[in-house]
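The values are calculated or read from the model by the stated rules, or taken from the named source; none is laboratory data. Quick caveat: nothing in here was measured; it's all calculated off a predicted structure. Backbone-built Cβ (ideal geometry, glycine too); neighbour counts: all protein chains shown. Each accessible area value is taken on the protein alone, full model and side chains, heavy atoms only, with ligands, DNA and RNA left out. Shrake-Rupley method; radii C 1.70, N 1.55, O 1.52, S 1.80 Å.
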Amino acid sequence: AGDVDYGDVKQSWPWTEGETEALLRPTPMKVQAMRSLSGKPACTSSRRFSSVSCRATGSGSEGASSYSSRRESMKASINPSGARSRLVAPNAIEARPDVEALEKLVRSEAAPDASPVLICGQVSHSLTKEREEIIHSMEDFMEEKVYKYLKPVEKCWQAQDFLPDPASEDFIPEIQALRERTLALPDDYLVVLVGDMVTEEALPTYMSMLNTIDGTRDETGSDDTVWGKWTREWTAEENRHGDLLNKYLYLSGRVDMRQIEVTIQNLIGSGMCPKTENNPYLGFMYTSFQERATKVSHGNTGRSAAKHGDQALANICAQIASDEARHEKAYQL
């Protein structure tokens, strides 16, 4: 393991040189850590080179030169295969007590024997090599035991199965009947239903999260690995949930769809950090509980819909809850 000399503080990074520039920028957490441990003022400017106080790269033109030479040295230490490797800066200073104290802050409670890094204030990449080998050894198990919890596309229900057919002569009367049914749904129930729908519509965020997990991520977007195929096919099944709830609420005329759409866009744009440290042991534990949570929520909204006289909506929620229960079983194997 090598180290990058970050001013007065030495920090290990497992990133390629193309990403190092962004990672070396001072962030509020890095600034606060350096200030509290060294007792020296840290750079709070967003400018990479400061002629006044930025200690990360030196000062003025001298700092810029030092930074450039350091980046060139880092290039030489990158694994020629293109795999991530720890970058080694020449003449890295020996660890001092204050540096050791900072490194203690970057520890994974779930994997105390790992050597994670701090990215944007979050503990990341806590999967050890030994545990990664275990994940890779599970491919046959995934093929034989887990895949059966996914259905072939031709056997899956689709949103249109539960909605008025726009090609039918009864399309308009069926929409009118739907709107009349939903008039009996209380406002507080609709708030919960919208929450369920928005949660499902944030699917791009969940797929992005799964593709940050070390050892299982879909590296190309179309990997033929068992983990890559699982992520894509799971996502495809989940994608129907938000589609169906969104269309049903739209046809009901009971909610402000534009405001809901703004909320969904903001939610996806903001992203999510579940604090799973790019670690499959934590990531798939999260998905297990998330599947159960959505199963319970959709099941409850379905029963409530039936009580309020909308059996069609109750059936919709029951179908979605059934999918979530099936996915929960897969993640809990």
Given the structure, is T301 of a type in the set (S, T, Y), at negative phi and in contact with a Gly (Cβ under 6 Å, 6 or more places away or on another chain)?
no
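How many residues are open to solvent by 60 Å² or more (accessible area, probe 1.4 Å), not polar (S, T, N, Q) and not in a loop (DSSP other than H, G, I, E, B) if we restrict to the range 296-309? It would help to see each step written out before you state the result.
Let us first name the residues in the range 296-309 that are open to solvent by 60 Å² or more (accessible area, probe 1.4 Å), namely 296, 300, 303, 307-308.
Remaining after also requiring not polar (S, T, N, Q): 296, 303, 307-308.
Checking the rest, the ones that are also not in a loop (DSSP other than H, G, I, E, B) come to 296, 303, 307.
The total comes to 3.
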Looking at the range 205-222, which of its residues are without any contact (Cβ under 8 Å) to a residue 40 or more places away in the chain, open to solvent by 20 Å² or more (accessible area, probe 1.4 Å) and outside any helix (DSSP H, G or I)?
N211, R217, E219, T220, G221, S222
Lone unmet requirement of (1) closer than 30 Å to L249 by Cα; (2) part of a helix (DSSP H, G or I); (3) out of contact with any helix residue (DSSP H, G or I) (no Cβ under 8 Å at 6 or more places or on another chain) for F141:
(1)
Would you please list the contacts, defined by Cβ atoms under 7 Å and residues six or more apart or on different chains, that run from a residue in the range 292-314 that is within 16 Å of S252 (Cα to Cα) to a residue that is of a type in the set (S, T, N, Q) and open to solvent by less than 20 Å² (accessible area, probe 1.4 Å)?
D310/T182
Select from the range 170-196 the residues that are part of a helix (DSSP H, G or I) and over 20 Å from G309 (Cα atoms) and write down the one among them that is most open to solvent (accessible area, probe 1.4 Å).
I172
Note on I134: of the conditions (1) of a type in the set (A, V, I, L, M, F, W, C); (2) within 30 Å of L249 (Cβ to Cβ); (3) without any contact (Cβ under 8 Å) to a residue 12 or more places away in the chain, unmet is (2)
Residue pairs within 7 Å by beta carbon, gap of at least six or interchain, first lying in the range 97-116 and at negative phi and at pLDDT 60 or above, second surrounded by fewer than 17 Cβ atoms within 10 Å (Cβ to Cβ) and of a type in the set (G, A, S), listed first then second, are S115/A1
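Hey, does the range 267-284 have a residue that's assigned to a helix (DSSP H, G or I), acidic (D, E), open to solvent by less than 50 Å² (accessible area, probe 1.4 Å) and touching a residue at least 24 places away in the same chain (Cβ under 8 Å)?
First, pick out the residues of the range 267-284 that are assigned to a helix (DSSP H, G or I): 267-270, 280-284.
From what's left, acidic (D, E): none.
No, every residue in the range 267-284 fails to be assigned to a helix (DSSP H, G or I), acidic (D, E), open to solvent by less than 50 Å² (accessible area, probe 1.4 Å) and touching a residue at least 24 places away in the same chain (Cβ under 8 Å).
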State all residues of the range 320-333 that are surrounded by fewer than 17 Cβ atoms within 10 Å (Cβ to Cβ) and of a type outside the set (A, V, I, L, M, F, W, C); if no residue qualifies, say none.
S322, R326, K329, Q332
(1) within 17 Å of E324 (Cβ to Cβ); (2) under 16 Å from the mean Cα position of the chain (by Cα) all hold for T276 apart from (1)
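With the requirement that a residue be of a type outside the set (A, V, I, L, M) and open to solvent by 50 Å² or more (accessible area, probe 1.4 Å), what does the range 230-256 give you? Working first, answer last.
So the first thing to find is which residues in the range 230-256 are of a type outside the set (A, V, I, L, M), and the list is 230-235, 237-243, 246-248, 250, 252-254, 256.
R232, E233, N239, D243, K247, Y250, R254, D256 - these are the residues of the range 230-256 that are of a type outside the set (A, V, I, L, M) and open to solvent by 50 Å² or more (accessible area, probe 1.4 Å).
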